[in-house]
1. Any chance the range 115-129 includes a residue that's within 23 Å of SER20 (Cα to Cα), surrounded by 15 or more Cβ atoms within 10 Å (Cβ to Cβ) and under 13 Å from the mean Cα position of the chain (by Cα)?
2. Taking the range 109-134, which residues are assigned to a loop (DSSP other than H, G, I, E, B), closer than 26 Å to GLY66 by Cβ and modelled with pLDDT of 95 or more?
Amino acid sequence: MIYEIHQQHITEASEAIDSSRKRMNYNFHTDGDELLQRMLNALEPETYLPPHRHTEKVEIFLLLRGRISVLLFDDTGNIKQVKDLDPLEGEYGVEIPAGIWHTILVEESGSVIYEIKEGPFIPNTGIEFASWAPEPSEINDCDLYLKNLREKVFKLQ
């Protein structure tokens, strides 16, 4: 069976704007046991993706619509690299090796990535969240952290 990615999927995933987390997945994999986890992830600029790293698995982001910045960090939270993705500029995606701290800053409303991760998916296994970044439940701290990240990225460019 082949799976197609078309406008209807992107439209369905784009309900992220109404989500409290300002992001929404549309999964192509049927369950967490599949060896390849594939999903559309619609993201809004206000979404907070806590910096994290996958201890043993690769993660791939392909940007289908919008603009995002992928940030890579050292072990203390300093930004090591910023990769701006914009399909209109020919910058489509990144492959992040295991062990690399990363997050995404969403630069344009309605952004949608095709995200690919090695499976199987086992909750809270094989992923570490950065101790130097706020927990998602700390909403005010997350907003401030995102603001500070944007300022740091601006100064780097």
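The values are calculated or read from the model by the stated rules, or taken from the named source; none is laboratory data. These numbers were taken from a predicted model, which means no experiment stands behind them. Please note: Cβ atoms are built from the backbone with ideal geometry, for glycine as well, and neighbour counts cover all protein chains shown.
1. Within the range 115-129, one or more residues are within 23 Å of SER20 (Cα to Cα), surrounded by 15 or more Cβ atoms within 10 Å (Cβ to Cβ) and under 13 Å from the mean Cα position of the chain (by Cα).
2. Of everything in the range 109-134, those that are assigned to a loop (DSSP other than H, G, I, E, B), closer than 26 Å to GLY66 by Cβ and modelled with pLDDT of 95 or more turn out to be ALA130, ALA133, PRO134.
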